[in-house]
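Participant: I'd like to ask you about the structure that follows.
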Amino acid sequence: MPTNMDNIKSLGQLGLSEKEAKIYLALLEIGESTVLPISKKAGLKRTHCYELLENLARQDLVDYYEKNNRRQYYAEDPQKLKEALQLKLEGVNKILPELRSVYNQLTVKPRIRFYEGEEGLKEAQYDTLKISPGNEILSYAAAGGLYYEKFADQYIKNRVKKNISVRAIVPITQETEKIVNQDKKQLRFSRLIPADKFPFTNEIDIYDNKVAIISYQKEFIAVIIESESIAKTQKMIFELAWEGAMHFSNKYSNL
């Protein structure tokens with residue numbers, strides 16, 4: 001059996017404030033009344049009840065009539081709640097095609113999000129784990145980027161747990177050499193390039209329709225661009241770089 005608090009909560013989900021719900025439920029129990037008994041039953045100050053009753057009247061949930069120069073309030077049939085919801089739903093359905101048309105126009109525009117500080121960079125990095133099932137991350141990985149020591153282990157564990165693979169173009173350093181040795185275990189396929197010739201100072205991850213640019217150097221900033229067109233082009237550029245990286249990577253095949 002629902003309690004009064006359950007009813008207040010349910011009415012809140014229908015758009016009534018807590019105080020409006022208390023007034024409406026009090027009137028349902030009393031039947032009809034002047035303001036003072038209503039305020040006592042609802043546990044609210046009488047001065048607050050006038051405005052609340054007016055609000056409910058505008059929603060066709062409460063009505064009143066004059067008796068001896070005093071207003072007698074009464075609650076409308078609760079069926080009115082359903083009728084009000086149906087009217088709202090009809091209104092939404094009426095404008096929904098136009099709203100979706102506007103939304104669809106907006107969704108073709110690139111979305112750009114900026115992140116700052118260590119927590120911001122962590123949030124940007126973890127966004128790559130939202131990739132669609134079966135897809136891979138394409139990464140230009142810099143030492144201190146994907147493998148940023150403060151949260152790298154946990155990030156990689158989460159990625160492996162989600163069965164998300166990575167293809168990475170990695171400048172070879174003492175740090176990345178150790179990481180590349182764990183490629184198979186960490187669902188990563190790396191192609192190595194000389195760090196002196198290609199000194200990456202930030203990481204770029206391409207996944208789904210997003211491109212994340214993450215700098216773990218002095219700036220400590222990240223940018224995620226969400227655009228199908230931009231991501232598609234960046235994927236093609238990555239594939240071009242991936243082909244070229246094979247020339248260098250063969251030299252490090254003994255790692």
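The values are calculated or read from the model by the stated rules, or taken from the named source; none is laboratory data. A quick note: this is a predicted structure, and the numbers were derived from the prediction, not measured. FYI the Cβ positions are ideal-geometry reconstructions off the backbone, even for glycines, and counts take in every protein chain you see.
Participant: Could you say whether any residue in the stretch 220-238 is in contact with a strand residue (DSSP E or B) (Cβ under 8 Å, 6 or more places away or on another chain) and polar (S, T, N, Q)? Steps first, please.
Facilitator: First, pick out the residues of the stretch 220-238 that are in contact with a strand residue (DSSP E or B) (Cβ under 8 Å, 6 or more places away or on another chain): 220-227, 230-231, 234-235, 238.
Pick out the ones that are also polar (S, T, N, Q) and you get 227, 234.
Yes, that holds for at least one residue.
Participant: Determine the pairs where a residue that is closer than 17 Å to Glu239 by Cβ, located within the stretch 191-216, has a partner that is of a type outside the set (Val, Ile, Thr) and part of a loop (DSSP other than H, G, I, E, B) with Cβ atoms under 7 Å apart, the partner being 6 or more residues away or on another chain.
Facilitator: Short answer, once both residue conditions are applied: Tyr207/Asn135; Asp208/Ser132; Asp208/Asn135; Asn209/Ser227.
Participant: Tell me, which strands (runs of 3 or more DSSP E) lie completely within the stretch 1-120 with 3 or more residues that are over 39 Å from the mean Cα position of the chain (by Cα) and at pLDDT 85 or above? I'd like the intermediate steps shown before the answer.
Facilitator: Numbers: elements: 62-67, 70-75, 111-116.
In the stretch 1-120, the matching strands (runs of 3 or more DSSP E) lie at 62-67, 70-75.
Here's the yes/no breakdown for (1) modelled with pLDDT under 95; (2) in a loop (DSSP other than H, G, I, E, B); (3) over 19 Å from Lys122 (Cα atoms):
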{"site": "Lys178", "(1), (2), (3)": "yes, no, yes"}
{"site": "Arg191", "(1), (2), (3)": "yes, no, yes"}
{"site": "Lys197", "(1), (2), (3)": "yes, yes, yes"}
{"site": "Ala222", "(1), (2), (3)": "yes, no, no"}
{"site": "Ile237", "(1), (2), (3)": "no, no, yes"}
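Participant: I need the full set of residues from the stretch 121-146 which are assigned to a loop (DSSP other than H, G, I, E, B), within 24 Å of the chain's Cα centre (by Cα) and either modelled with pLDDT under 85 or crowded, with 22+ Cβ neighbours inside 10 Å (or both), in order please.
Facilitator: Passing the criteria: only Leu146.
Participant: Regarding Val223, is this residue in the same structural domain as Ala141 (by TED's automatic domain parsing), farther than 20 Å from Phe189 by Cα and of a type in the set (A, V, I, L, M)?
Facilitator: Working: in the same structural domain as Ala141 (by TED's automatic domain parsing): yes; farther than 20 Å from Phe189 by Cα: yes; of a type in the set (A, V, I, L, M): yes.
So Val223 passes the test.
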